[in-house]
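The values are calculated or read from the model by the stated rules, or taken from the named source; none is laboratory data. Note that the structure is a prediction, hence the values are computed from the model and not measured. Methodologically, a virtual Cβ is constructed for each residue, glycine included, from the backbone with ideal geometry; neighbour enumeration extends over all protein chains shown. Ligands, DNA and RNA are stripped out before the accessible areas are found, and what is left, the full protein with its side chains, is counted by its heavy atoms. Shrake-Rupley method; radii C 1.70, N 1.55, O 1.52, S 1.80 Å.
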Amino acid sequence: MSDETESPLMIEAPETAHNAHAHGTGHRWFDIVMAVAILLVSAGSLFVSLHTGQTMEALVKENERLVRAQSTPILQFDSGNVTDSGERALEFTITNVGTGPARVMWTKLESGGKTYGELSEFVNDTGTGQITYTTTPINQSVLSQGEVRRILKWSYPASKDGQKRWETIDRIRFDARVQACYCSVFNECWLSNMAADLPQPVKNCAKAEPVGAH
């Protein structure tokens, strides 16, 4: 029986090659050119991204502007003393000639140094005696696009007193000043004298002063 002890078998592993330039090609100028190219591509991508973002933001704002422009009401006041059918009658109308519904918050009529919040007050203040006319409320109501609201119709009366008052209004209606404050569906509000002048934008109608007030 042998006393010798067998030695473990040792296997030598092959050496692993190490690249002295793990992050490069070994060609200095080529590596510099590649780095610059990558930097330029990254900068170009960043510029395109920023430009695209600005373009999209501009498109969104333009779209909002177009939507609001298509939803901007404009009120116009008219009066006459003969109807379309040829009847002799006083007619006062308010028309929404804009491109969206108008929420009329309040209207005022100024004549002879007095201000009237309702058209009936103006008519009744022209004299005494019983008269017959029709009015349609306009305050706190909505006028759709293109709607014509007849707020007063007063046919020529038979009585002498009524004729006098009718003719008074027919004469002074040209000097009467009608103003309104109204808002769009976007809650944008305007003050208007309902004539050729452009409406004046206001924050809201609750605190809005009449046009021309100081």
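Data table
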| read-out | value |
| --- | --- |
| HN-Hα J in Hz across region 79-91 - Karplus 6.51, -1.76, 1.60, θ = phi - 60°, x for Gly and Pro | 9, x, 10, 9, 7, 4, 8, x, 6, 7, 7, 7, 9 |
| Formal net charge of residues neighbouring SER141 (Cβ-Cβ distance under 9 Å; K, R +1; D, E -1) | +2 |
| Amide H contacts of MET105 (H built 1.01 Å from N, under 5 Å, at least 5 apart or other chain) | GLN140, CYS181, TYR182, CYS183 |
| When region 92-136 is reduced to its Cα atoms, the Kirkwood hydrodynamic radius in Å | 12.8 |
| Where the Cα pairs of region 136-214 fall when distances are cut into 5 Å bins, in % | 3, 11, 17, 21, 16, 13, 9, 6, 3, 1 |
| TYR133 accessible area, assembled protein chains, probe 1.4 Å, Å² | 50 |
| Accessible surface, 1.4 Å probe, highest first, among residues TRP106, TRP166 | TRP106, TRP166 |
| Stretch gain in nm, segment VAL41-LEU198, where the contour uses 0.36 nm per residue and the Cα spacing is subtracted | 51.3 nm |
| Hits among lysines - C-alpha to C-alpha of LYS203 under 21 Å, sequence gap 8 or more where chains match | LYS61, LYS108 |
| Other-chain or far-sequence residues with amide H under 5 Å of GLY100's (modelled H) | THR72, ILE74 |
| Candidates per trypsin sites (Lys or Arg not before Pro) in region 149-214, loop by DSSP, up to 10 other Cβ within 10 Å | LYS203, LYS207 |
| Rel. contact order, % - alpha carbon contacts under 8 angstrom, at least six apart, region 141-214 | 18 |
| Environment charge at GLU110 (Cβ cut-off 10 Å; Lys +1, Arg +1, Asp -1, Glu -1) | +2 |
| Karplus-derived 3J(HN,Hα), 6.51/-1.76/1.60, for each residue of region 149-157, Hz, glycine and proline x | 9, 7, 8, 8, 9, 9, 5, 4, x |
| Region 113-124 - phi-based ³J(HN,Hα) in whole Hz, Karplus 6.51/-1.76/1.60, Gly and Pro as x | x, 10, 10, 10, x, 10, 5, 4, 5, 5, 5, 5 |
| Surrounding net charge for ARG177, when Lys and Arg each add one and Asp and Glu each subtract one, Cβ distance under 9 Å | -1 |
